[in-house]
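The structure under discussion appears below in the form of structure tokens.
The values are calculated or read from the model by the stated rules, or taken from the named source; none is laboratory data. Everything quoted here is computed from the prediction, not taken from an experiment. FYI the Cβ positions are ideal-geometry reconstructions off the backbone, even for glycines, and counts take in every protein chain you see.
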Amino acid sequence: MLGSRSFGSALRSHSVSETPIRYFKTMKILLLMLVLAGPGIIASRTDGSEDPPLPPSERVLQFLGRDAVSVITEAKRVEVFRLDPSERPLEPGEPEVSGYRVIATGRAKGKDFAARVRTLLLDERNYWFKGPSKICKPAPTVAFRLWHERKHADVVLCFECTMLQVNPEVYFEDFDPIRPDLVRLAKEAFPRDPVIQKLGDASPFPTDSSPLLPPPATDPKSR
């Protein structure tokens, strides 16, 4: 009986004192890890850098071009270029992007930068496809060249008109809803360029149509 009581006491001592202590210590460590990892998990689900983007709409496919969309969707590297907005003709052999002269090249960006560009470009809500035409001639100053394997797609940005072009066969389109995002990317691409660093988030064109087209004529009889 004595041996039995001694064994039972030892078992109770291990199960009641040592095991719970180790259990609670393990749980505290796991909870701490979850708390520390939580913000990172949330960020990866909201910034679009981890989850695959939604399939682009048919209107986006038409504007960007299917080949460009294929590259943008899989891109892991981005070259960044400063463009000359003037209309001075290109000299033979001059570096260019979509016919615009390159005056400076920034440090290439990786997959996170590419993912941010992709998230912006593939969402139809980020364009003014049905909006009135702007009275503004694009003069691009920045270009992003997204690479997937040996293929690339060029994104040409004009911040004066808040318009961009990807498919050279399709004219520029308004990107007013995402101007702050693209301004931020341009500033990251050229942190020491005074012209780019002075770009503002606000579009020169308000969100209504009043400055884009002449105001409707007022009928005197309606007064």
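For residue 146, the conditions (1) farther than 18 Å from residue 61 by Cα; (2) part of a strand (DSSP E or B); (3) in contact with a strand residue (DSSP E or B) (Cβ under 6 Å, 6 or more places away or on another chain) are fulfilled apart from (1).
For region 127-139, the criterion of being surrounded by fewer than 16 Cβ atoms within 10 Å (Cβ to Cβ) and under 20 Å from the mean Cα position of the chain (by Cα) is met by at least one residue.
Looking at residue 140, is it part of a loop (DSSP other than H, G, I, E, B) and within 16 Å of residue 196 (Cβ to Cβ)? Yes, satisfied.
Within this structure, residue 85 passes the test of being surrounded by 15 or more Cβ atoms within 10 Å (Cβ to Cβ) and over 19 Å from the mean Cα position of the chain (by Cα). Residue 70 - would you say it is at negative phi and in contact (Cβ under 8 Å) with a residue 40 or more places away in the chain? Against the criterion (at negative phi and in contact (Cβ under 8 Å) with a residue 40 or more places away in the chain), residue 70 qualifies.
Considered as a group, the residues in region 101-137 that are β-branched (Val, Ile, Thr) and in a helix (DSSP H, G or I) include one that is farthest from residue 77 (Cα to Cα), and that residue is 119. Being in contact with a Cys (Cβ under 8 Å, 6 or more places away or on another chain) and either surrounded by fewer than 20 Cβ atoms within 10 Å (Cβ to Cβ) or not β-branched (Val, Ile, Thr) (or both) is the filter here; which residues of region 140-157 pass it? Matches in region 140-157: 140 only. Beta carbons closer than 6 Å, at least 6 apart along the sequence or on distinct chains, pair a first residue in region 91-114 that is within 13 Å of residue 154 (Cβ to Cβ) and without any contact (Cβ under 8 Å) to a residue 60 or more places away in the chain with a second that is in a strand (DSSP E or B) and of a type in the set (Phe, Trp, Tyr) for 97/81; 102/81.
Looking at region 94-109, which of its residues are farther than 20 Å from residue 188 by Cα and surrounded by fewer than 14 Cβ atoms within 10 Å (Cβ to Cβ)?
First, the residues of region 94-109 that are farther than 20 Å from residue 188 by Cα: 94-96, 98-101.
Matches in region 94-109: 94, 95, 99.
When region 44-82 is limited to residues that are within 15 Å of the chain's Cα centre (by Cα) and loosely packed, with under 14 Cβ neighbours inside 10 Å, the one that is modelled with the highest pLDDT turns out to be 54.
Quick check on this structure: which one of 188, 160, 169 is surrounded by 11 or more Cβ atoms within 10 Å (Cβ to Cβ), modelled with pLDDT of 85 or more, of a type in the set (Asp, Glu) and assigned to a loop (DSSP other than H, G, I, E, B)?
Values: 188 fails: assigned to a loop (DSSP other than H, G, I, E, B); 169 fails: surrounded by 11 or more Cβ atoms within 10 Å (Cβ to Cβ).
The match here is 160.
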